[in-house]
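Worksheet: the structure to be examined is printed underneath.
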Amino acid sequence: MKLLVFVRRRIAPGFLRLARDLAPDAEIVPISDERGVAGAPWWGCSSLLSEKVPNFDFSCEIDDIIARCRFLRYKERTQAKDLVTQAFRRWISILSKHAIDRVLCLPIDSYVLHTLVLAAKELGVPAYSIVGTPFSKRMRFTKFGELCGKQEIDKNSLDEIDSLFRGFTEGGVTPDWLIGVDSSSGRVAARRLFIDSIKPFAFTAYRALTRDTNSFSFPPRRLLSHRMYATPSNFSAAIKLEKKQTRELPEQFGFLPLQFYPESTSDYWIPEAEIRDHHRTVLATVKALSKEMPIVVKEHPAAFGRRNAQFLEQLVEVPNVKIAPLNASVHALITRSTYILGQGSTTTLQASLCGKSVLFFGTPFFGTGPQDVSISSLSLEHIREKFSDMMRTEISPESCERSARERLTKFYMSSAPGSQGSYSPFLERAKVRGAPAFASSQLCALFHSLAL
C-alpha cells in the first residue's frame, strides 16, 4: 500500500511517526504545500507530476471551495478560480503518477487540502484527516468534521464514558492542548502584537526565497490581516473589551463563548454556508436575541488581542450584551446560564451534556439533543423562531441525560488512543499535555476500517 501523508513544518516529524504507526507495512509518500519541510517534497515540484493528467469536471465544486477558504475569499475571483483549478489538476496528477492507495492529511483548512480530498474522491482513493478530540490522548478521523468509524463498545469503554460524563458535567475535563492567558491580559496582547509584527517580513522573505508566491501558510499582509492577526487597532479593542467586563452576572442569561475564527471548524465543519462566518453569525444572533434576556459573551483566550476590532466594537454596542472576565470558569458560566449559543465545540458539547439547551450555529458534528436547536439562516425571523422553539421545549432530565450519553458514546467510540505529539506556536504560552506521537492498535484498526 502507498500512503500519501500531507504535512507542514513543525508538526511534520510527529505526524510522519504517527502515519508510520498507523500503516507500518505501507510505503509512506510525504508531501507538503510548504517548501523546506524535512523529508517532504513541495507539492509544486515538477518531478512529482505526471505528464498526462486525467480530465475530470469539478466546476460545480469551485464556488464552495473559494467560499470556504480564508486565503481565496479575498482574492480576485478569476485568480482564485485559477488557483483552485491548478490545485485540483496537480493533486490528480500526483495521486495518479504515484499510484496512491490512501491519503492521510491534516484537518482541511484551505483550498490546498480541500482539492486534495476531492481529487482523491474522483480517483476512488480513501482520504481522511486525523484530528484531536476533547478526550485526553485520543484522536479520530474525519473529512469535514463528521464522525468517521466506530469501535465496538465493551465494559472498559462504558466505564471510561461514565467517567468522562462526570468530568464534563462537573467541570473536570480540560483539553490536552490549549493556548491560554498566562499573565496579565495587557502583556499577553502586547506579546501577540510583537509576534504578529514580525510575520509580514518573515512571510515576505519566505515567498521571495522559495518562489512560492501563492503560499497559504505564508500569505502577504493584505491576506494575513483577515486572519487572527494582532494589529494596534485589534490590541486597543481587546483592552477596551476587558474594561467592559461584568463582575455581576444577570439572574438569567444566555452564554456565548466566542470561537477562534477563522479556522477549520467554522469554514469546513459547518454544513450551512450562511452560518460559517462566525463574526457575522454572532452579531446577527445577539441582535436578534439580546432583548429577550441578557447575553454574556466570553472571549477565546487564544484570540485575545487578535480578534477583529470592528467586530468587537459592534458587539459591545448591542444592548444587553455583557462581557465575562477573560479567565472566568467556562463550567461556572455554563452552570449559571439559562441557555448557550455557539457552534459545535468542546464548550457547547459540555453545555449539552450538562442538560443545558443549546442554540447551535449550524449543525454540530456530534449531533443535537432533544433540548437543542440549530439555526441555518441569519434572518431575524428564523433566529427568533428557533429560540422560541427551544425555550418552549420541555424535556425531562432523564431524557436529556440519555440523549447526552448516546451522543458522548458515539463521539468517544469514533476515537482511539493516539497523538501526533506536542506543538507550541512561536512565542506562545501553550498548555501542552500531548504524549509523544503514537498510534494505538485501536486507532490503526479504525484507520484501516475506513477503507472497507
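The values are calculated or read from the model by the stated rules, or taken from the named source; none is laboratory data. Please read all numbers here as calculations on a predicted model, not as lab measurements. Reconstructed Cβ throughout: ideal geometry from the backbone, glycine too, with neighbour counts over all protein chains shown.
A few points about this structure:
- Scan of the stretch 327-350 for residues that are crowded, with 19+ Cβ neighbours inside 10 Å and aliphatic (A, V, I, L, M), ordered by number: Leu333, Ile334, Ile340, Leu341, Leu349
- Every pair of residues 6+ apart whose Cβ atoms lie under 9 Å, when the first sits in the stretch 14-25 and is within 14 Å of Gly421 (Cα to Cα) while the second is assigned to a helix (DSSP H, G or I) and modelled with pLDDT of 95 or more: Leu18/Leu443; Asp21/Leu443; Asp21/Cys444
- Of all residues making up the stretch 190-229, the number that are at pLDDT below 90 and either touching a helix residue (DSSP H, G or I) at 6+ places or on another chain (Cβ under 6 Å) or of a type in the set (Gly, Ala, Ser) (or both): 1
- Looking across the stretch 270-306, the residues that are hydrophobic (A, V, I, L, M, F, W, C), closer than 16 Å to Ser374 by Cα and touching a strand residue (DSSP E or B) at 6+ places or on another chain (Cβ under 8 Å) come down to Ile270, Ile275, Val282, Val286, Leu289.
- Qualifying residue in the stretch 197-205 (condition: buried (at least 16 other Cβ atoms within 10 Å of the Cβ), of a type outside the set (Gly, Ala, Ser) and touching a residue at least 40 places away in the same chain (Cβ under 8 Å)): no
- Residue under evaluation Gly145, criteria (1) in contact (Cβ under 8 Å) with a residue 40 or more places away in the chain; (2) surrounded by 15 or more Cβ atoms within 10 Å (Cβ to Cβ); (3) over 30 Å from Ala87 (Cα atoms), criterion not met: (3)
- Within the stretch 29-55, the set of residues being in contact (Cβ under 8 Å) with a residue 40 or more places away in the chain, surrounded by 13 or more Cβ atoms within 10 Å (Cβ to Cβ) and either in contact with a helix residue (DSSP H, G or I) (Cβ under 6 Å, 6 or more places away or on another chain) or over 23 Å from Gly145 (Cα atoms) (or both) comprises Val29, Asp33, Glu34, Arg35, Trp42, Trp43, Gly44, Leu48, Leu49, Ser50, Val53, Pro54.
- The stretch 135-181, residues that are among the hydroxyl-bearing types (Ser, Thr, Tyr) and under 20 Å from Gly344 (Cα atoms): Ser136, Thr142, Thr169, Thr174
Conditions (1) outside any helix (DSSP H, G or I); (2) farther than 25 Å from Glu251 by Cβ; (3) modelled with pLDDT of 95 or more, marked per residue:
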| residue | (1), (2), (3) |
| --- | --- |
| Pro325 | yes, no, no |
| Ile334 | no, no, yes |
| Val358 | yes, no, yes |
| Leu378 | yes, yes, yes |
